[in-house]
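Contents: one structure, followed by commentary.
The values are calculated or read from the model by the stated rules, or taken from the named source; none is laboratory data. All figures in this text were calculated on a predicted structure; none of them were measured in a lab. Quick reminder, even Gly has a Cβ in these numbers, built from the backbone with ideal geometry, and neighbours come from all protein chains shown. Calculation scope for accessible area: heavy atoms of the full protein, side chains included, ligands and nucleic acids excluded. Shrake-Rupley method; radii C 1.70, N 1.55, O 1.52, S 1.80 Å.
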Amino acid sequence: MSTATQPVEAAGTARPAPRWWRRPWVGPLALVAVTFVVLSIPPYITLDPALSRVPQPEGFPAHYPLLVAHVLFASVAILTCCFQVWPAFRRRYPVAHRRLGRVYVVGGVLPAAVMAAVIGAVSPFGPVAQMSNVLLAVVWFGCTVAGWRAGRQRRFGDHRKWMIRSFVLTISTVTNRVWGVVWGVVLGPQLATTFDGNEGYLLATTAGLTTWLGWVIPLLIAQWWLERRPKRALPRTGARDRVAA
């Protein structure tokens, strides 16, 4: 074989796909998502408002049915997004990726976001939490629609970026719980002092901090990650030697 064809072959050689263990976050992410859904759904599939973890606001009887529907649709979004962000799954099963993507968008995020905006506007946890919940629902809806449109238009670079934002907002319901524990530990001992024994004020403060930090910080981190400048890969020694030859 002539040396003239060797550089072409070297340049055109496909890089081997990274093994699954080089994506160490995939397994823990799936485990967290499944565990969260398994622990979240049971109180709502009974259709018993007394078991709801969110108090029923006065004067809005549709709150509980909308809450149940939101939980179910959001669970679909959480479970399907784990497959959507799994690089090996996208690469090996592109048809399944597209079909699950439709489920994620149409059967998960969009109805869950609409219902989140409605029930979030009447949240019993105070006006700060209400504003956060409604804004989160709007941004979640918008990022998902933008990602879906970019994919339909075959703008796959933009599709990836918007869907990463959508994914982060989907998982923010998990980080929200983490912040709830943190602020409960920090603010709980201050009930008798800072909050003058007012448990409602303590709950509203904790909920306000939790709801905002639960999605804003992950979204900012995702945006930083998307805008970072990747390191330029140096050519491999073997490839340089073959080209030089």
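Residues of the stretch 209-239 that are modelled with pLDDT of 65 or more and of a type in the set (D, E, K, R): Glu227, Arg228, Arg229. I need the full set of residues from the stretch 158-177 which are charged (D, E, K, R) and either crowded, with 21+ Cβ neighbours inside 10 Å or touching a Leu at 6+ places or on another chain (Cβ under 8 Å) (or both), in order please. Scanning the stretch 158-177 gives Lys161, Arg165.
So which of Ser75, Ser52 is in contact with a Leu (Cβ under 8 Å, 6 or more places away or on another chain), hydroxyl-bearing (Ser, Thr, Tyr) and at negative phi? Can you show your working first?
Numbers: Ser75 fails: in contact with a Leu (Cβ under 8 Å, 6 or more places away or on another chain).
The unique qualifying residue is Ser52.
Tell me yes or no: at least one residue of the stretch 177-187 is charged (D, E, K, R) and in a helix (DSSP H, G or I). For the stretch 177-187, residues charged (D, E, K, R) and in a helix (DSSP H, G or I): present. For the stretch 15-52, taking the residues that are at pLDDT 80 or above and assigned to a loop (DSSP other than H, G, I, E, B), the one that is most open to solvent (accessible area, probe 1.4 Å) is identified as Leu47.
The rows are residues; the columns are (1) open to solvent by 50 Å² or more (accessible area, probe 1.4 Å); (2) in contact (Cβ under 8 Å) with a residue 12 or more places away in the chain; (3) touching a Leu at 6+ places or on another chain (Cβ under 7 Å).
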| position | (1), (2), (3) |
| --- | --- |
| Ala117 | no, yes, no |
| Pro124 | yes, yes, no |
| Ala129 | no, yes, no |
| Ala137 | no, yes, no |
| Trp179 | yes, yes, yes |
| Gly184 | no, yes, no |
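For the stretch 77-106, the candidate set comprises residues that are more than 16 Å from Val32 (Cβ to Cβ) and of a type in the set (A, V, I, L, M); within that set, the residue that is most open to solvent (accessible area, probe 1.4 Å) is Val106.
Can you tell me which residue among Phe167, Phe141, Phe125 is part of a loop (DSSP other than H, G, I, E, B) and of a type outside the set (D, E, K, R)?
Details: Phe167 fails: part of a loop (DSSP other than H, G, I, E, B); Phe141 fails: part of a loop (DSSP other than H, G, I, E, B).
None of the other options fit; the residue is Phe125.
Kindly establish whether Leu67 is open to solvent by less than 20 Å² (accessible area, probe 1.4 Å) and among the hydrophobic types (A, V, I, L, M, F, W, C). Answer is yes for this residue.
Checked across the stretch 209-220, the condition of being open to solvent by 30 Å² or more (accessible area, probe 1.4 Å), under 27 Å from Leu72 (Cβ atoms) and hydroxyl-bearing (Ser, Thr, Tyr) holds for no residue. Selection of the stretch 53-102 for residues being assigned to a helix (DSSP H, G or I), more than 16 Å from the chain's Cα centre (by Cα), closer than 30 Å to Ala204 by Cβ and among the small types (Gly, Ala, Ser) yields only Ala69.
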